[in-house]
Structures are given as C-alpha cells and as structure tokens.
1. Determine whether region 459-480 contains at least one residue that is open to solvent by less than 10 Å² (accessible area, probe 1.4 Å) and of a type in the set (Ser, Thr, Tyr).
2. Somewhere in region 293-308, is a residue surrounded by 15 or more Cβ atoms within 10 Å (Cβ to Cβ), within 13 Å of the ligand (Cβ to nearest atom), outside any loop (DSSP other than H, G, I, E, B) and not aliphatic (A, V, I, L, M)?
3. For region 176-223, how many residues meet the condition of being among the aliphatic types (A, V, I, L, M), more than 21 Å from residue 496 (Cβ to Cβ) and more than 26 Å from the chain's Cα centre (by Cα)?
4. Can you find even one residue in region 272-289 that is touching a residue at least 40 places away in the same chain (Cβ under 8 Å) and within 26 Å of residue 31 (Cβ to Cβ)?
5. Which one is least open to solvent (accessible area, probe 1.4 Å), of the residues in region 145-204 that are within 28 Å of residue 362 (Cα to Cα) and of a type in the set (D, E, K, R)?
6. How about region 276-288: which of its residues are open to solvent by 10 Å² or more (accessible area, probe 1.4 Å), of a type outside the set (A, V, I, L, M, F, W, C) and in contact with a Phe, Trp or Tyr (Cβ under 9 Å, 6 or more places away or on another chain)?
7. So how many residues does region 205-231 have that are buried (at least 21 other Cβ atoms within 10 Å of the Cβ) and closer than 30 Å to residue 294 by Cβ?
8. Taking region 251-275 as the region of interest, how many residues are touching a Pro at 6+ places or on another chain (Cβ under 9 Å), open to solvent by less than 10 Å² (accessible area, probe 1.4 Å) and within 14 Å of the ligand (Cβ to nearest atom)?
Amino acid sequence: MNRAEMLSRVGQREEPWDIVVIGGGATGAGIAVDAASRGYDVLLLEQHDFGKGTSSRSTKLVHGGVRYLEQGNISLVMEALKERGILRQNAPHLVSDLAFVVPNYDWWEAPFYGLGLKVYNVLAGKYGFGDSQILSREETLARLPTIRTEGLRGGVVYYDGQFDDSRLLINLAQTAAEQGAMLLNYTKVIGLTREPDGFLDGVVAIDQETGQEIRVGAKVVVNATGPFSDAVRRLADPSAASLIAPSQGVHLVFHRSFLPGRSAIMVPHTRDGRVMFAIPWHGHTLVGTTDTPIPEPTLEPRAFDEEVAFILETAAQYLHQAPSRADVLSVSVGIRPLVRSDNAASTAALSRDHTIHIDPSGLLTIAGGKWTTYRHMAEDAMNQAAMLARLPEKTCVTRTLNIHGFHPHAEKFGPLSVYGSDALAIQDLMRAHPPLAQRLHPALPYCRAEVVWAARVEMARSIEDVLARRCRALFLNAHAAVEMAPEVAALMAAELGHDEGWQRREVEAFTQLASQYQLS
Ligand SMILES: Cc1cc2nc3c(=O)[nH]c(=O)nc-3n(C[C@H](O)[C@H](O)[C@H](O)COP(=O)(O)OP(=O)(O)OC[C@H]3O[C@@H](n4cnc5c(N)ncnc54)[C@H](O)[C@@H]3O)c2cc1C
C-alpha cells in the first residue's frame, strides 16, 4: 500500500467509482474487501489513519457476547459465534482462542453460569471453540493465581476468541488493496455532490497532508463512519435526525503480573449491571470496559475519572492485589457507534445489531454492529449498495477469503507473529540490515524493522500511526511509547524522506497525544 501511488491513480481516474466508502474502520475496510473481491471498483477514504476511530480501541474479543445471551438476543449471539469461527479460519495469525474464567463466590453461580455457558457453546454449533466446564476452587486458582481467594468457591471456564484489532484492520486494508481497491488515509470527506435529480453522484474530500481538494464520482456512496455517521449524513441533509447514540468505553492496561496466567477473567455482573473483562494481551493485562453516554464523538475521547475509578474498584473486588492509578500503563477510550432507540433505558441496553439506513439522497449508512461481525455487515451493506447503484449482481466471496498475512502457524514467528506470513519479509529486512533487529525499548518487544515495514508497506504516515496502530506501544505502555518516539521519527524520516523539522514536530505532537494515555 503506497499512498502516493494510490493518490495518483485516484487523480487519474475519470469515470465514477462503482462505490466510494467513507471511513476506514472495521466497517469501511470490511466493505472495501467485500466490494473489491466481488470485482467492483472501490475507493475508500479515511480522514485520519486507518483504525484511528473505535476499531483500534475495542476489548479485542472475537466473541458471540455472553451478555447479549443474557439479554435474550439469540440471533445476534448465533451470528457473532459463526463470524467468530469464520474469522479464526480466515485470519488465524491474528485470532486465537482464549479461556475465560467466571470466578464464583456464591453457591448459585456455578450452576447458573455453567448452564448459560453450555447454551453459549451449543449455539456456536460447528463453530465452537471448546466446551465450557465447571472448575473446583483449586482448578480456578491454578488458572487465575492472582484471583481474590476470600470466599472463592470455584469457577466456570468457557472459550472465546481474542485478536489484535488494529493489526486486523491494517491487514483488511491490505487485503482490499490486493483485490484491487484504492484506499487513502488522511483524506477527509467534506462534501457530497449530486446529480440534477438530487441523487448523490460523488464526494469532495481534502488530502489532509497537502490541503488539496479531491473530487471523485461514485455510483453509490457508503457512509461507514461509525460514531461520526450523523455528521456525514448531514453533509447530504443538514436536517437529518440523529441515528447514533454515542457511548464511550474505557480500558486500562497494567503489568502482566496482575494476571500472569493464560486465562482471562470475566465478571458477569458489575455494580452497574454489565460485564467486565481482565484479559492477558500482548504480555500485559487489559481491563475494561465502561459504557458512558456522551453528547458528541471526537477522535481522541478522554476517560472520565469516574470510569477509571469504577474499573479499579471492580478489579479490586476480584484481584488479590488491587491495582491503583499508579499501576496504569495506558488508558484508552473508544466510542460505540450504537444505533438509537427510544425504548432503551441506557446505552448498555441498546442493541449491538447493525442497521442499514438509506437517505433520500441515496447515501447508504451502515452503523452499529461489532468488530466480530464486520464481515457479515460488509456483505449486507454491499448487497444493498449494489442494488441501489444498479451494479451488476456479483456474489460475496469473503466467507472463504484469506486475510492478508494468513498463516496457520504464525506463533512460530514469536514477537512477529501478528504479521503472519509477512514476518518472513520483516526477518529478511533484519538479516539484510542487522541494526534493524534492535529493539526500540526494553519494556516492549518491538524492533526497528517494524517501523521501516510500517512506513514502507503499511501506509504509516506518522509516529502515532506506527506506535498506536501498526504496533501497539501506545496502547500498552504510553510512557515507553514516548521514549521510543525520537527513534521512530528518525527511522520514518529516512524511509519517507522527511527532514529534522518534521521529526521534531512529530515527536512533539506524539508526546502531547501520549499524555492523554497516561493518568496524571
Ligand atoms: C470500548 C469498546 C469495546 C469494544 N469491544 C469489542 C470487542 O471486544 N469485540 C467486538 O466485536 N466489538 C467490540 N466493540 C465494537 C467495535 O469496536 C465497533 O463496532 C467497531 O470498531 C466499529 O467500527 P466502525 O468502522 O463502524 O467505526 P470506526 O472504527 O470508528 O471507524 C469510523 C472511521 O470513519 C472515519 N471518518 C469519520 N468521518 C470521516 C470523514 N468525514 N471522512 C473520512 N473518514 C471519516 C473515522 O476517522 C474512523 O476511522 C467495542 C467497542 C467499544 C467502544
């Protein structure tokens, strides 16, 4: 994926694209893969970097959603469990099984959760990840050595999927590109153009790097901007009523010692009646999340003190050694693009199903859903978009389409396993230039070659792109990420042809951004 090359090809094209997708999150990238692999001409425009929005800020679970089972949304759970299986099959380098233990402190919990999780497993059918099981107190302690032991009776273990969200997103963008799609990051859509009959026929965008205006024609425009969907809908109709009820969720990351085993903890009922997870992720412990309605989405939402306190309080109820604010290595916030309902009492009660909405102008908006179901959402959106644009009918092929990096045994690449089959090329880079094999920071496993790779092959344009989404340093340890920034800037400058001024500005901007990922 070379941005300059894609930009030039977009500029040269005179005929309208079959489909222009606005938004480079899971939903938009999924649609680009679907459209391109069916054989349509597709252009995707992302205002910032791919995955800058919610899609790099999830709990990293590929799951059916035990909570939705409790809410009785069986069809959503079944669909998500099936998609979970398809995703593990198509991207085994990024999706792995994870054991989740529900610790039991009351007598009724083992039979209650034991039964519920059996049903969860049955619903997965042939896409199952492993049988759930009731654990004795000793078995629970063996899996969760740091769990609070006072009153502990035992637990229930079940299996779900875990992934690296922004790595999958970058791999989806690469898959789309391999199938013929054009994708531009740092290209913000600022207007929509119309035919004389009022139907949309294209978009106006700004190249955020040069300020240059880009106008492209489209047979159909798809709005896949997640939490920002209403702002884009209002480009077509300033009086459009809100479709989205944004709600933010916070995650805190701690040292691995807080959860040293290979199992996650699932808390089925927090004080506010939701679920919470503590998960081993990239050698750290990820804990979250919250569900707090917010008035307006922003690209860098901030955690409220109450949300941080709530996560720490819940963790303290379950962990032998309670983590404190001083233990937080990184705090990140994502915004759920939930679809409004007049009947829901809270955003936690809003459905996680996706919705497709077509405005009178022909703008197709797809919102809601989950990362886990992105493929199914894309198939659905593309079926509707093709009808709307009267495109020739073509069958969806993504159910069995390998995602870029596909490798059945990527674990053998150690710290490079998330790159899947690309790990070999990164190893070659290190062999050809041994200094590139050096680590960027003692606290994190990332090496210099990954920076070169991100800038050369994965369209990373800034330090943030590399440290937040190509590797996950900012999300794992914000302080270490700041210390890595000058070296990342120098490596990127050499690769992309930038001067020292660029490096200085980049380091300043990243340091400022990273301060939001640290608790003062
Ligand atoms: C806290 C939290 C935890 C979650 N955990 C899970 C989980 O464990 N498993 C799971 O399956 N799901 C999870 N989800 C849900 C999942 O992350 C989201 O459903 C999904 O990421 C939404 O993707 P999206 O592409 O619709 O939105 P986004 O990822 O936000 O993408 C929208 C993109 O549109 C771009 N954009 C906006 N305006 C414009 C414009 N004018 N021009 C160009 N681009 C524009 C934005 O920059 C953004 O990148 C979680 C969500 C949250 C908030």
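1. There is no residue in region 459-480 that is open to solvent by less than 10 Å² (accessible area, probe 1.4 Å) and of a type in the set (Ser, Thr, Tyr).
2. Applying the first criterion (surrounded by 15 or more Cβ atoms within 10 Å (Cβ to Cβ)) to region 293-308 yields 294, 297, 301, 303-304, 307-308.
Checking which are within 13 Å of the ligand (Cβ to nearest atom) leaves us with 294, 297, 301, 303, 307.
In the following step, the residues that additionally are outside any loop (DSSP other than H, G, I, E, B) were identified as 307.
So of that shortlist, the ones also not aliphatic (A, V, I, L, M) come out as 307.
The answer is yes; a qualifying residue exists.
3. 5
4. Yes, that holds for at least one residue.
5. That would be 201.
6. 282, 284
7. Final tally of qualifying residues: 11.
8. The number of residues fulfilling the criteria is 3.
The values are calculated or read from the model by the stated rules, or taken from the named source; none is laboratory data. None of the values given here were measured: they were computed from a predicted structure. A quick note on method: Cβ atoms are made from the backbone with ideal geometry, for glycine too, and the neighbour counts reach across all protein chains shown. We work out accessible area using only protein heavy atoms, side chains counted, and drop any ligands, DNA or RNA first. Shrake-Rupley method; radii C 1.70, N 1.55, O 1.52, S 1.80 Å.
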